[in-house]
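Here is the structure we will look at, set down as structure tokens.
Nothing in this text is a laboratory measurement; each read-out follows from the coordinates by a stated rule. None of these values were measured; they are calculated from a predicted model. Because the Cβ atoms are built from the backbone with ideal geometry, glycine has one as well, and the counts that use them run over all protein chains shown.
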Amino acid sequence: MTHPIRASLGWGPRLALLLGLGLGLVACDPSDDAAAPVARRVPDATLRVHVVAPSTPTDEGLAYLRAMADVHDRADRARGEDRLQTLRQGLSLPVPAGLAEAEVLRLDLAARLADELMTTPHGAPTARELLAPMLDVERSLPLDRATARALVVLGDAAVATGDDALAAGSYARSIEIMSSLRQELEP
Amino acid sequence: MRETRREGSGWVLASVALCLAAWVAGCAPTGRDGGVVTPGGNGNVPDGPDPDGRDEGDDIGVLEARLERLTAEQAAKASSTEANFGVCEDLCSLTSSICSVKEKLCDVAERHPGEEEYQGLCRRAELECSEAEDSCVACVERRERAAAE
């Protein structure tokens, strides 16, 4: 026996009904609802490290080391925007091929620049943008105090920009690096 | 008083140096059996242990070698103490940094009381800080013991 309502509907209305129901379901999908809670971010303390082996001394390497030392020296004597500009110039110096130590020097300089940026109005997001890619959890970082310092500055910038997950992860990674360095010193 | 004592020890040193020089030159006083006598002795006492009971030897080469060895040992000990000082400085400086970052991390975790990811990181940081403090204290104590020896 055929249901009377069904019997009264042709293929056109049936299709319209199905479409309407389908669209209704899509519209009710909670994942697209703007009012739905955003996925909770959790701290990621993943740490990959490597030891920086001393590279073979070259003239280019020595010139780079001197140039970086000069950048810090000039930054010490500069103030405000001049200091920021000096530090930015240091980061833009081309790194000689094969100079493994440059990675640590650049992190140290970036941490100093980010630290300086944090003292300026609205500098925290810029500091975070500068350091976050250099210290990404997917990257292997040099086992050095400069890395630990950079992670702390990134954590501070994350706190200032309201990203507690990034802050906690960065602080935890910094502590892990320093603990590794401490254990290396143990007799 | 101090001057007198300094002069006195200067004379003793000068006498010892003179005797040593004479002995090296083959003019040292000898006992009846022809053996070398201890400066200040009566010449009849056979060679034997020095006052602290250890045989210092009677050969200039042996004495020189011993002096060199003791000098080297003293230098090594001094250098080791200096190295320990540097290591403790580094250890304690790292400890200070670890504990300072722990404070920051746990401040962030306090804002997320029900979230285990944050609380776990804070607990671990507290443990690292505590271990680092112990390590710093132990290093300083070792250094002080070494300096006292």
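Residue pairs whose Cβ atoms lie under 6 Å apart, sitting 6 or more positions apart in sequence or on different chains, and linking a residue in region B:97-112 that is under 14 Å from A:Val159 (Cβ atoms) and more than 7 Å from every other protein chain (Cβ to nearest Cβ) to a partner that is crowded, with 19+ Cβ neighbours inside 10 Å and hydrophobic (A, V, I, L, M, F, W, C), are B:Cys106/B:Cys122. Is it true that some residue in region A:97-108 is within 14 Å of chain B (Cβ to nearest Cβ) and surrounded by fewer than 24 Cβ atoms within 10 Å (Cβ to Cβ)? No: zero hits.
Taking A:Ala75 as the residue in question, decide whether it is small (Gly, Ala, Ser), buried (at least 18 other Cβ atoms within 10 Å of the Cβ) and in a helix (DSSP H, G or I).
It is true that A:Ala75 is small (Gly, Ala, Ser), buried (at least 18 other Cβ atoms within 10 Å of the Cβ) and in a helix (DSSP H, G or I).
In region B:119-136, which residue that is closer than 14 Å to B:Cys92 by Cβ and charged (D, E, K, R) is nearest to the other protein chains (Cβ to nearest Cβ)? Only one residue fits best here, namely B:Glu131. The single residue among A:Arg88, A:Arg41 that is touching a helix residue (DSSP H, G or I) at 6+ places or on another chain (Cβ under 8 Å) and assigned to a loop (DSSP other than H, G, I, E, B) turns out to be A:Arg41.
Pairing residues of region A:165-187 that are more than 8 Å from every other protein chain (Cβ to nearest Cβ) and among the charged types (D, E, K, R) with residues that are surrounded by 24 or more Cβ atoms within 10 Å (Cβ to Cβ) and part of a helix (DSSP H, G or I), at Cβ distances under 7 Å and at least 6 apart in sequence or on separate chains, gives A:Arg173/A:Leu151. Within region A:131-145, the presence of a residue that is of a type in the set (A, V, I, L, M, F, W, C), within 14 Å of chain B (Cβ to nearest Cβ), within 17 Å of the chain's Cα centre (by Cα) and part of a helix (DSSP H, G or I) is excluded.
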